[in-house]
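S.K.: First, the structure itself, so that you have it in front of you.
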Amino acid sequence: MKKIALANPPCKQDFAGRYEKYFIRSGSRWPHYRVKLKNWPPPYLPFPFFLAYSASLLRNKGLDVQVIDGVALDIGYDEFLEKVKKINPQVLFYEFASSTFDKDIELAREIKMHNSSVII
């Protein structure tokens, strides 16, 4: 059975010392960032409808599907990478956005170094 992962990768940036920007992509029509206290959960998170719809359709086809919402989990890159490694998917559907494109590409390259997944 094909193992598939759907991912909304994390993207956070330090901002003004004790704060950080966190980027909203999945579930939002317009990707943007919000500011929160470090080590506090994000106060605003839209539901990632596209990830949920896709997961449901793929599961209905009998595929083994895991979803990782790095923004909602409020995790960093290292923890996200560990989750992808643990799932070890054959295919990784990875949500990119223009506002975080450079970080998203960097993380995708890191995933490729540790996993043979096809990244879409």
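S.K.: Cβ contacts < 9 Å: first residue farther than 15 Å from Ala16 by Cα and hydrophobic (A, V, I, L, M, F, W, C), restricted to the stretch 27-47; second residue modelled with pLDDT under 85 and surrounded by 13 or more Cβ atoms within 10 Å (Cβ to Cβ), any location; separation 6+ or different chain. Result?
M.R.: Listed pairs, sorted by first residue: Leu45/Gly27; Phe47/Ser26; Phe47/Gly27.
S.K.: Out of the stretch 34-60, which residues are closer than 17 Å to Ile24 by Cα, open to solvent by 80 Å² or more (accessible area, probe 1.4 Å) and in a helix (DSSP H, G or I)?
M.R.: If the condition is that a residue be closer than 17 Å to Ile24 by Cα, open to solvent by 80 Å² or more (accessible area, probe 1.4 Å) and in a helix (DSSP H, G or I), then Phe49, Phe50 are the ones that fit.
S.K.: Can you run down the residue pairs with Cβ atoms below 6 Å, 6 or more apart or on separate chains, where the first is in the stretch 98-116 and more than 15 Å from Gly76 (Cα to Cα) and the partner is at pLDDT below 85?
M.R.: Close Cβ pairs (under 6 Å, with a partner that is at pLDDT below 85) amount to Ser99/Pro31.
S.K.: Condition first: within 10 Å of the chain's Cα centre (by Cα), of a type in the set (S, T, N, Q) and part of a loop (DSSP other than H, G, I, E, B). Now tell me which residues in the stretch 1-31 satisfy that.
M.R.: Within the stretch 1-31, Ser26 is the sole residue that qualifies.
S.K.: If you don't mind, another one. Residue by residue through the stretch 1-16, note down the ones that are among the small types (Gly, Ala, Ser) and open to solvent by 60 Å² or more (accessible area, probe 1.4 Å).
M.R.: Scanning the stretch 1-16 gives a single hit, Ala16.
S.K.: Within the stretch 17-33, can you find the residues that are among the polar types (S, T, N, Q) and open to solvent by 20 Å² or more (accessible area, probe 1.4 Å)? Steps first, answer last, please.
M.R.: Of the residues in the stretch 17-33, the ones among the polar types (S, T, N, Q) are 26, 28.
Within the stretch 17-33, Ser28 is the sole residue that qualifies.
S.K.: Could we say that Leu37 is over 29 Å from Asn88 (Cβ atoms) and of a type in the set (A, V, I, L, M) here?
M.R.: yes
S.K.: Further, regarding this structure: May I ask you to list the residues in the stretch 64-92 that are closer than 17 Å to Val118 by Cα and among the β-branched types (Val, Ile, Thr)?
M.R.: Once the filter is applied, which keeps residues that are closer than 17 Å to Val118 by Cα and among the β-branched types (Val, Ile, Thr), the stretch 64-92 yields Val65, Val67, Ile68, Val84, Ile87, Val91.
S.K.: If we keep just the residues of the stretch 61-117 that are aromatic (Phe, Trp, Tyr), within 12 Å of Asn8 (Cα to Cα) and modelled with pLDDT under 90, which is least open to solvent (accessible area, probe 1.4 Å)? Steps first, answer last, please.
M.R.: First, the residues of the stretch 61-117 that are aromatic (Phe, Trp, Tyr): 77, 80, 93-94, 96, 101.
Of the ones still in play, those that are also within 12 Å of Asn8 (Cα to Cα) are 77, 80, 93-94, 96.
Of the ones still in play, those that are also modelled with pLDDT under 90 are 94, 96.
Details: Tyr94: 14, Phe96: 72 Å².
Among residues in the stretch 61-117 that are aromatic (Phe, Trp, Tyr), within 12 Å of Asn8 (Cα to Cα) and modelled with pLDDT under 90, the one least open to solvent (accessible area, probe 1.4 Å) is Tyr94.
The values are calculated or read from the model by the stated rules, or taken from the named source; none is laboratory data. Predicted model only: the values in this text are computed from it and were never measured. FYI the Cβ positions are ideal-geometry reconstructions off the backbone, even for glycines, and counts take in every protein chain you see. For the accessible areas, the whole protein counts, side chains as well, though only heavy atoms, and no ligand, DNA or RNA atoms are used. Shrake-Rupley method; radii C 1.70, N 1.55, O 1.52, S 1.80 Å.
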